[in-house]
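Below: the structure, in structure tokens.
The values are calculated or read from the model by the stated rules, or taken from the named source; none is laboratory data. The model shown is predicted, which means the values in this text are computed figures rather than measured ones. Here Cβ is always computed from backbone atoms with ideal geometry, including for glycine, and neighbour counts include all displayed protein chains. Just so you know, the surface numbers come from the protein's heavy atoms only, side chains and all, with ligands and any DNA or RNA stripped out. Shrake-Rupley method; radii C 1.70, N 1.55, O 1.52, S 1.80 Å.
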Amino acid sequence: MGKNTVKAADVRAKTDKELETRLGELRKEQFNLRFQKATGQLANTARVHQVRQEIAKITTVIGERLRSAVSKKK
């Protein structure tokens, strides 16, 4: 793992609101990185992968929480 990677335990420790906020920030950053890559201005190509992985971790945790909430209602 690189220096800037986020651990799943850190993601799970955040509230739903914090996760939604961070997810929005990451999606904007991902868009900007794609734009920079297309125009040849992207310096740190590894950041694209890091952002994708962090988005995946957050969406996974959100999904787990949603499934857990639904199963508790039954």
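A few notes on this one:
- Test: residue in region 12-31 that is within 12 Å of the chain's Cα centre (by Cα), exposed (fewer than 11 other Cβ atoms within 10 Å of the Cβ) and part of a loop (DSSP other than H, G, I, E, B): no
- Within region 32-44, not a single residue is in contact (Cβ under 8 Å) with a residue 24 or more places away in the chain, open to solvent by 50 Å² or more (accessible area, probe 1.4 Å) and outside any loop (DSSP other than H, G, I, E, B).
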